Amino acid sequence: MLRLLAHQKSAPFRRYLAIHAASIPSTVTRHDWTRQEIQEIFDAPLMDLVFRAASVHRKYQDANKIQLCTLMNIKTGGCTEDCSYCSQSSRYSTPTKASRLLDIEPVIEAARKAKENGSTRFCMGAAWRDLAGRKRGFERILQMVREVRGMGMEVCTTLGMLSPDQARQLKEAGLTAYNHNLDTSREFYPQVITSRSYDERLSTIDAVRDAGISVCSGGILGLGEKDEDRVGLIWEVSNMPEHPESFPVNALVPIAGTPLEKNEPVSYHTLVRTIAAARVVLPTTIIRLAAGRNTMAESEQAMCFMAGANAIFTGEQMLTTPCSPWDEDKAMMDRWGLEGMRSFEQVNVARKEQPAATLFDESRNKERASVVVDA
Ligand code: SF4
């Protein structure tokens, strides 16, 4: 394996491996983790946990690469679901006003701007339960997917529940990834959402995976859950037939008018602990530091990267909460020697992009594939 790793182009990465490879703990991509095992990882002294996560990160991925993603809300508010953290639910009185599905052109313009600013993944979110009765809207979204994908970007959507046929159509349009968060553990989930079951969420994730689309599924911290629920979430995704290619970790941003408006923010140490435990258990997954990042100090963000986070949302706005802007993020990354990931650089995502080999550096990707297979 070391011979293959030596082909990596990044000099710091090669240097690191030369010094530390022998001491990196052996970890394989496993799908049979027990909750007890994950709980023990989660409960380790934080410095030991972060060191272990950083070691696993360096074994499976280039830890100096961060994926820059930009998120756009293409249909805001008016959602019939009752997710108790969400300002877009029509069941709560919040500052978010409902709007119709956007036209194609402003969305493509936003994707163009994101690409110019260095984002390599563009994610489009629509606030609704599912696509039932939205035939024309779905056709418009399929066209958005085609056009963003045609720009050479990774393209992701989050559109609620999907049928297998809808997933297939999204795949044919060129969709790279689909976001459908499990949010929390199966046990705690009913305290947060009652209008859609955990198993319905898993069915949509199955449809996405079966269609050959990368799965983006993670959670939210600060919902009132306990450590065992954070562990339960990681356990749930670790036991999927394939680990999700992306695992977003959100810190709740309480929104006035929602049932969780008075929740205490999750502690920073719990956030780092969750990221690090996820990194150990999901070694080849992109771990996405998502909502709540803009309130964190740069040193706190850097510790999250050390613990294994390797993607951020950057730009003008998350779906409904503030986002750190591109220029600030670029300056931060420069200070820490971090580089942006190229589109389709992550091997697990690239693997699903048949026959799009021309859109990424295939030789580099083969090196990464060899590293993972050989590990
Ligand atoms: S999180 Fe999504 S599904 Fe839930 S209320 Fe908000 S927009 Fe609707």
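Given a 1.4 Å probe and every protein chain left where it sits, what share in percent of the accessible area of the stretch 27-170 is carbon and sulfur?
Working: 3210 of 6110 Å².
Ligands and nucleic acids excluded, carbon and sulfur reach 53 percent.
I'd like the Karplus ³J(HN,Hα) series for the stretch 123-129: coefficients 6.51, -1.76, 1.60, θ = phi - 60°, whole numbers in Hz, and an x wherever there's a Gly or Pro.
10, 10, x, 10, 8, 6, 6
Sticking with the crude label model, points 7 Å out along Cα→Cβ, report the distance from HIS31 to GLU300 in nm, one decimal please.
With each label placed 7 Å out from Cα toward Cβ, I get 3.7 nm.
Given a 1.4 Å probe and heavy atoms of the protein chains only, how would you sort THR194, THR204, largest accessible area at the top?
On the way: THR194 105, THR204 5 Å².
The most accessible residue leads, giving THR194, THR204.
What's the ranking of 108-114, 293-299 by average number of surrounding C-beta atoms within 10 Å, highest first?
Details: 108-114: 18.1, 293-299: 14.7.
With the highest mean Cβ count within 10 Å placed first, the list reads 108-114, 293-299.
Less than 14 Å apart at the alpha-carbon level, and either on another chain or at least 8 residues along: which aspartates and glutamates does that give for LYS135?
ASP165
For the stretch 152-244, with equal point scatterers placed on the C-alpha atoms only and solvent neglected, what are the log10 I(q)/I(0) values from the Debye formula at q = 0.11, 0.13, 0.15, 0.24 1/Å, to two decimals?
The calculated log intensity ratios at q = 0.11, 0.13, 0.15, 0.24 Å⁻¹ are -0.31, -0.43, -0.57, -1.20.
Which one of SER99, ILE66, SER89 has its Cα pushed farthest toward the positive end of the charge dipole of the stretch 23-165, where Lys and Arg give +1 and Asp and Glu give -1 at the Cβ?
SER99
If each residue of separation counts as 0.36 nm, what is the full-extension length gain between LYS226 and ARG91 once their alpha-carbon separation is subtracted?
On the way: separation 135, 0.36 × 135 = 48.60 nm, distance 2.59 nm.
So the chain would gain 46.0 nm between LYS226 and ARG91.
For the full complex of protein chains and a 1.4 angstrom probe, list LYS171, LYS330, LYS135, LYS226 by accessible area with the highest value first. Before the final figure, lay out the partial values.
Numbers: LYS171 40, LYS330 85, LYS135 150, LYS226 125 Å².
Sorted descending by solvent-accessible area, the residues read LYS135, LYS226, LYS330, LYS171.
List, in the order given, every pair from LYS226/LYS262; LYS75/LYS115; LYS59/LYS115; LYS59/LYS226; LYS75/LYS226; LYS113/LYS330 whose Cα-Cα distance in the structure shown is over 24 Å.
Values: LYS226/LYS262 17 Å; LYS75/LYS115 21 Å; LYS59/LYS115 29 Å; LYS59/LYS226 30 Å; LYS75/LYS226 32 Å; LYS113/LYS330 15 Å.
Those over the limit are LYS59/LYS115; LYS59/LYS226; LYS75/LYS226.
Please compute the length gained on full extension between LYS330 and ASN263, using 0.36 nm multiplied by the number of residues separating them and subtracting their Cα-Cα distance. Walk me through the intermediate numbers first.
On the way: separation 67, 0.36 × 67 = 24.12 nm, distance 3.16 nm.
So the chain would gain 21.0 nm between LYS330 and ASN263.
The values are calculated or read from the model by the stated rules, or taken from the named source; none is laboratory data. Everything numeric in this text was worked out from a predicted model, so none of it was measured. Ideal geometry is used to build each Cβ from the backbone, glycine not excepted, and the neighbour counts take in all protein chains shown. We work out accessible area using only protein heavy atoms, side chains counted, and drop any ligands, DNA or RNA first. Shrake-Rupley method; radii C 1.70, N 1.55, O 1.52, S 1.80 Å.
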